[in-house]
Amino acid sequence: MPELPEVHTIANDLNNNIIGYEIKNIKITKNYKIPELVKKRLSSLLNKKFIEVKRIAKNIVIKLSENDFLTFHLAMTGRILLTSDKDKKDNWVKIVFEISKNDDVKYLKFCDMRQFGKVNVLDEAGIRDLENKYGISVLNKKITPEDFLKTIHSKKTNIKNVLLDQSIISGLGNIYATDALFLARINPKTPTQSINLNESKILLEKSREILNEGIKNRGSTLPDKMYVDIFGNSGHQQNYFKIYGKDKCPSCGTKTIFEKINGRGTYFCPICQPYKKEPLKKVKVNEGQKQLL
DNA sequence: ATGTTTGTTCCGAT
DNA sequence: CATCGGAACAAACA
């Protein structure tokens, strides 16, 4: 579930709650598939101290003493929970880190229902590699509409698809990309090559706006409650979705269209986000037609 | 029983 | 060879 605002909220809360704590024990749930190498690296973290928590794209990155980094990617159903209650039962717990500072003991849990999430331990070079995997961040204030347009044009597909391609544009997930396109009044199926500078400018603005609103509202929690923050609380952005999950366009009242685009559920308004531009079609031209042209 | 699901990676087709 | 897009990863719910 977690997209950038959800991951941001988790990283920020962890940074305010686990700095200075040391890892005293690590328990991996039986039958949880984790590479042997990662298991070995995890055990090397015992007695190391949390220095700082930050976010790289949708990864939670925890810096420990001796320049080790513990990273989590939550994918669709990952959760990070923090509790002082040793006996608290949580669903789908995969790894429990017992951490302490002086006499205070807490439990940092990595949970994952569908198990698409990833845990890893990296050194500084590994962190650099991780950073290099990702494309531009729309939240980077240095990115101009010109930069954004160039990036959009670098992939020949539809605009929704390129917004979700983390190696090109990092941070937007399915829900926020859907809402950003609605706010920018751009049809999600618009070919990237048809986007112009003005649309690039608006889309960049609206993408920033929607991500910042999501961060302000501590992420979005859908009815399945899969995303919760480290204390188990829901986010609020679901109350402010623009068009994601809506039957009717909040702007003009027209029935929204729900369509799978590149396998991802997409909502859009056919009136406010009209499909103006035909994709470039490959037309087979025979000799006779050529003369007519 | 079938179709959904907030993400990412891999592999086959073009 | 580059690029695109569907399948797969696994589990719960309606």
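Rule-based calculations on the coordinates, nothing more; no lab input. Computed from a prediction, not measured in an experiment: that's the story for all the values here. Cβ atoms come from the backbone with ideal geometry, glycine included; neighbour counts cover every protein chain shown.
A few remarks follow.
- Given +1 at the Cβ of Lys and Arg, -1 at the Cβ of Asp and Glu and no other charges, the dipole of chain A around its Cα centre is 880 debye to the nearest 20.
- Efficiency of FRET between A:Asp224 and A:Lys276 - r from beta-carbon atoms, R0 30 angstrom, step 0.05: 0.25
- Among the chymotrypsin sites (Phe, Trp or Tyr not before Pro) found in the stretch A:168-266, those both in a DSSP coil and sparsely packed, with 16 or fewer other Cβ atoms within 10 Å of their Cβ, are A:Phe231.
- For the residue pairs A:Lys156/A:Lys246; A:Lys49/A:Lys133; A:Lys48/A:Lys89; A:Lys33/A:Lys118; A:Lys54/A:Lys118, alpha carbon separations beyond 19 Å are given by A:Lys156/A:Lys246; A:Lys49/A:Lys133; A:Lys48/A:Lys89.
- Here the Karplus relation 6.51 cos²θ - 1.76 cosθ + 1.60, evaluated at θ = phi - 60°, turns the backbone of the stretch A:184-191 into coupling constants of 7, 6, 10, 5, x, 8, 4, x Hz, with x for every Gly and Pro.
- Under 18 Å from A:Lys109, Cα to Cα: aspartates and glutamates that are on another chain or at least 8 residues apart: A:Glu6, A:Asp13, A:Glu22, A:Glu52, A:Asp85, A:Asp87, A:Asp90, A:Glu98, A:Asp229
- Between A:Ile186, A:Ile257, A:Ile215, the GNM of chain A built on Cα springs shorter than 10 angstrom shows A:Ile257 fluctuating the most.
- Estimated inter-spin distance, A:Asn233 and A:Arg114, nm [label 7 Å along Cα→Cβ]: 2.7 nm
- For trypsin sites (Lys or Arg not before Pro), the sites in the stretch A:191-255 that DSSP calls loop and that have at most 14 other Cβ atoms within 10 Å are A:Lys225.
- Two-site FRET efficiency, A:Lys48 against A:Asp90, from Cβ-Cβ distance with R₀ of 30 Å, rounded to 0.05: 0.80
- Counting only DSSP beta bridges whose two residues both lie in the stretch A:97-242, roughly 75 percent are antiparallel.
- Looking at chain A, the DSSP beta bridges with both ends there are about 95 percent antiparallel.
- Of the residues A:Leu149, A:Asn120, A:Ser44, the one whose Cα sits farthest toward the positive end of the charge dipole of chain A, with +1 on the Cβ of Lys and Arg and -1 on the Cβ of Asp and Glu, is A:Leu149.
- The stretch A:1-76-the stretch A:82-139 distance, computed between alpha-carbon centres (Å): 3 Å
- Nonlocal amide H pairs with A:Gly173, under 5 Å, H built at 1.01 Å: A:Leu4
- Theoretical FRET efficiency, 1/(1+(r/R0)^6), r = Cβ-Cβ of A:Asn196 and A:Asn217, R0 35 Å, to 0.05: 0.65
- Sequence of A:Arg79, A:Arg128 once ranked by neighbouring C-beta atoms within 10 Å, starting from the fewest: A:Arg128, A:Arg79
- Taken along the Cα-to-beta-carbon direction at a fixed 7 Å, the label points for A:Lys133 and A:Lys30 span 3.1 nm.
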